[in-house]
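Note sheet for the following structure.
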Amino acid sequence: MSGALAFAVPPALAAAEPPEARGLARDEVRLMVARDGEPPLHARFLDLPRFLGGADLLVVNESATLPAALPAARWDGTALELNLSTPEPPALGSSRERTSRQRWIVELRRDGMRFRGARCGERLELPGGGSAELVAPYLSPGRLWVAALELPAPLLDFLDAYGAPIRYRHEPRDWPLGEHQTLFSRIPGSAEMPSAGRPFTPRVIARLGAGVGIAPLVLHTGVSSQERGESPYPERFEVPPRTAERVNAAHAAGGRVIAVGTTVTRALETAAAPDGSVSAASGWTSLTITPERGVRAVDGLITGWHEPDASHLLLLEAVGGRELVERSYAAAVASGYRWHEFGDSHLLLRAA
């Protein structure tokens, strides 16, 4: 497996607020178009339709962001943030969900920093008389936990009453949940926004050529704060039959399948056969996409800009190749592109 890309993100390039707070419309963020053998092309997201055509198909994620961050308190009164990631995946080899109590994978933070001082069996107090018992470590000992939730209301109602969007250190203040949703958000379930779709607006859609299609799927994202060397966690997904049909039809017509986000790429590639054909599929995916594995169904990717240690970069290399990704990231830093979920966009196209 290739080593990490060598670049550093100047702190000034972190997008600390939505582009609307910087005087831009959602679709006016910058867009870099990266194609093999050509220099990066700099545009605005509103220009995206210029780079699509023929029988191209955009595949989008309909998952909506949850207000997944909850205030919590330890037995000694220490205040923590409890971030819900995903429901606990079924036991290995089983498709049956656990239903006796609500068990979620959670991440604990204190003052925005990862908190590692919790103990197995510890009970955290939640608002409104709720509680979370830390049942067992999960994949990343000391950081992620399986937690059994005892809530006085259904989960979505409880989150609506007491939760907030997950916020990291590059965001100095909270933003309303609506700022963390995309035009396609329909089915609640993501711990964090599937942010590649955020710059899409009705006027971008209206400018798409007659041959360009849009097809939906769902992948509910977990927390994105993996540490160095960690692979993506299992996540819930669904590729509907109609979307699978449209992906196959686009390829048969000579079009490109453009995944709007690494989430869409993971879902499509989970449902793809070695020959690139896609079938309807749903459940949990543990797929890690690397340059060695490559991609089968995806011809291009719309995404944001990722940190040097992010596992997402391996997925980008699988789509565009190491050299193209290196050139894109060098150009993004040199040209002042903005990072993170409120930042700028990147259209990465595979060589024909």
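Values in this text are rule-based calculations from the coordinates and carry no lab data. Keep in mind that what you see is a predicted model, and the values were worked out from it rather than measured. In this analysis, Cβ positions are derived from the backbone assuming ideal geometry, glycine residues included, and neighbour counts consider all displayed protein chains.
Tabulated results
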{"read-out": "Candidate set from the stretch 50-72 (those that are touching a residue at least 40 places away in the same chain (Cβ under 8 Å) and loosely packed, with under 15 Cβ neighbours inside 10 Å); member that is nearest to the chain's Cα centre (by Cα)", "value": "G53"}
{"read-out": "S195 polar (S, T, N, Q), crowded, with 21+ Cβ neighbours inside 10 Å, under 21 Å from S311 (Cβ atoms) and in contact with a Gly (Cβ under 8 Å, 6 or more places away or on another chain)", "value": "yes"}
{"read-out": "Residue match in the stretch 159-172 (condition: over 16 Å from the mean Cα position of the chain (by Cα) and over 23 Å from A64 (Cβ atoms))", "value": "yes"}
{"read-out": "Selected residue (only one of A43, A34 is outside any helix (DSSP H, G or I), in contact with a Gly (Cβ under 8 Å, 6 or more places away or on another chain) and either of a type in the set (F, W, Y) or closer than 22 Å to G209 by Cβ (or both))", "value": "A34"}
{"read-out": "Scan of the stretch 312-337 for residues that are out of contact with any helix residue (DSSP H, G or I) (no Cβ under 6 Å at 6 or more places or on another chain) and among the charged types (D, E, K, R), ordered by number", "value": "R322, E323, E326, R327"}
{"read-out": "Residue tally, condition in a helix (DSSP H, G or I) and either free of Cβ contacts under 8 Å to residues at least 60 places away in the same chain or within 20 Å of the chain's Cα centre (by Cα) (or both), over the stretch 333-352", "value": "1"}
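Per-residue answers, yes or no, for (1) assigned to a strand (DSSP E or B); (2) crowded, with 21+ Cβ neighbours inside 10 Å:
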position: A147; (1), (2): yes, yes
position: L159; (1), (2): no, no
position: I166; (1), (2): no, yes
position: W175; (1), (2): no, no
position: P199; (1), (2): no, yes
position: S224; (1), (2): no, yes
position: P232; (1), (2): no, yes
